[in-house]
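Chemist: One structure follows; several queries about it will come next.
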């Protein structure tokens, strides 16, 4: 009997140690630390850091552009930080510093912007001040996004696919948004955390991160669909238990935001009403409507910069539309993420804003990474080198709000001659 008990205890101890090692190995923090041992990830990290330095360097150098060729707004006294606080960044900083108010934007109000990013900025502002807090939060989260995306794609495919997908992602023409004081980094991190923990059946965490995602952007609510698919697929579509209820937390973030606005303004839908103002170029939710407006804009303008940008967005729109449907063959949960995300993007945002939203549709990069044809890969390389050039030009334009590149080029040529 004593021998049996000892053997039983040893067996239990062995099984517990094995389980403990498995949990430790699958711990997200530990996995992130171990990534530095992988050459493929180190290469990705080097490219990420070089591009980050390039974007910050290009942005800083653009201060040398004569002001008559730009339309930069002064939102922060610090000239360096002000570069990264243009466009929507100003609204997020205003919410962080002054809360939601109707005075922002000359009386339009800042109610259309979601609260989680400015809340994080406000928390860190006690240490760094609002400008630096916005810059630091966005850039630190962009680093975390790189780690998470690599881990997820490595789990789903392999380290080669993960590396190639990350490189395409980092070279996307508007990837500079991960350096600006925008919600891109935060929202993407939350999406990736949902995918990571859904694969591990950690539904409370999935629900919490989903709630935070819908407090960051309205797009967060569409994550309920891919998460529900993963939940059912994990159970072979046969068993439903109490864990499915945690998915109900995902839209709760949106309801909390609208509830807060109702409590402070008396209008539950004031966010939509603010977004419907002409300055935001709001469109009804009709998939493909932004493409139609894009063609109309081409007919109305003779400006080559505008025509190029619209055509560029249209081509990307066609690619991401194809990638959305094709993602069903890659992984079905990616399809249930991509398709509703695409419909929201091309349904209510302006064509100029579409490319920024396309960027987070990461399964599209997997599609490219899985291509094995040498000639096709050469073409992809050329395209992404062109994208790198566009990223530089788009960065210069963004940090200055607008840049008249044609007149600026003429000015530079005259100075040289």
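The values are calculated or read from the model by the stated rules, or taken from the named source; none is laboratory data. Computed from a predicted model, the values in this text were never measured in an experiment. We place every Cβ from the backbone using ideal geometry, glycine too, and count neighbours over all the protein chains shown.
Chemist: In a helix (DSSP H, G or I) and free of Cβ contacts under 8 Å to residues at least 40 places away in the same chain: which single residue out of 371, 298, 346, 310 fits that description?
Modeler: Result of the check over 371, 298, 346, 310: 298.
Quick grid of which residues meet (1) under 22 Å from the mean Cα position of the chain (by Cα); (2) surrounded by fewer than 16 Cβ atoms within 10 Å (Cβ to Cβ); (3) touching a residue at least 60 places away in the same chain (Cβ under 8 Å); (4) farther than 23 Å from residue 345 by Cα:
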{"residue": "221", "(1), (2), (3), (4)": "yes, no, no, no"}
{"residue": "224", "(1), (2), (3), (4)": "yes, no, no, no"}
{"residue": "231", "(1), (2), (3), (4)": "no, no, no, yes"}
{"residue": "250", "(1), (2), (3), (4)": "yes, no, no, no"}
{"residue": "255", "(1), (2), (3), (4)": "yes, yes, no, no"}
{"residue": "259", "(1), (2), (3), (4)": "no, yes, no, yes"}
{"residue": "264", "(1), (2), (3), (4)": "no, yes, yes, yes"}
{"residue": "268", "(1), (2), (3), (4)": "no, yes, no, yes"}
{"residue": "274", "(1), (2), (3), (4)": "no, no, yes, no"}
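Chemist: Can you tell me which residues in region 254-268 are in a helix (DSSP H, G or I), over 18 Å from residue 209 (Cα atoms) and touching a helix residue (DSSP H, G or I) at 6+ places or on another chain (Cβ under 6 Å)?
Modeler: Across region 254-268, the qualifying residue is only 261.
Chemist: Restricting to region 388-415, name every residue that is touching a residue at least 12 places away in the same chain (Cβ under 8 Å) and under 21 Å from the mean Cα position of the chain (by Cα).
Modeler: Matches in region 388-415: 388, 390, 391, 392, 393, 394, 395, 396, 398, 399, 401.
Chemist: Taking the criterion of being in contact (Cβ under 8 Å) with a residue 40 or more places away in the chain and buried (at least 19 other Cβ atoms within 10 Å of the Cβ), would at least one residue in region 233-245 satisfy it?
Modeler: Within region 233-245, not a single residue is in contact (Cβ under 8 Å) with a residue 40 or more places away in the chain and buried (at least 19 other Cβ atoms within 10 Å of the Cβ).
Okay, residues lined up against (1) modelled with pLDDT under 95; (2) closer than 21 Å to residue 193 by Cβ:
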| site | (1), (2) |
| --- | --- |
| 344 | yes, yes |
| 347 | yes, no |
| 352 | yes, no |
| 355 | yes, no |
| 359 | no, yes |
| 365 | no, yes |
| 368 | no, no |
| 375 | no, no |
| 384 | no, no |
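Chemist: Quick check on my filter: what residues within region 94-116 are in a helix (DSSP H, G or I) and either more than 30 Å from residue 266 (Cβ to Cβ) or within 16 Å of the chain's Cα centre (by Cα) (or both)?
Modeler: 116
Chemist: Sticking with this one: Might you check whether a residue that is farther than 21 Å from residue 188 by Cα and over 20 Å from the mean Cα position of the chain (by Cα) occurs anywhere in region 329-344?
Modeler: Yes, there is a match, as at least one residue in region 329-344 is farther than 21 Å from residue 188 by Cα and over 20 Å from the mean Cα position of the chain (by Cα).
Chemist: Scan region 306-316 and give yes if some residue there is over 22 Å from residue 361 (Cα atoms), out of contact with any helix residue (DSSP H, G or I) (no Cβ under 7 Å at 6 or more places or on another chain) and at pLDDT below 75, otherwise no.
Modeler: So far as region 306-316 goes, no, none of its residues is over 22 Å from residue 361 (Cα atoms), out of contact with any helix residue (DSSP H, G or I) (no Cβ under 7 Å at 6 or more places or on another chain) and at pLDDT below 75.
Chemist: While we're on this one: Residues in region 372-387: is at least one surrounded by 16 or more Cβ atoms within 10 Å (Cβ to Cβ), more than 23 Å from the chain's Cα centre (by Cα) and more than 30 Å from residue 222 (Cβ to Cβ)?
Modeler: no
Chemist: Those residues that are surrounded by 15 or more Cβ atoms within 10 Å (Cβ to Cβ) and more than 25 Å from the chain's Cα centre (by Cα), I need them from region 39-61; list them, please.
Modeler: Correct list: empty.
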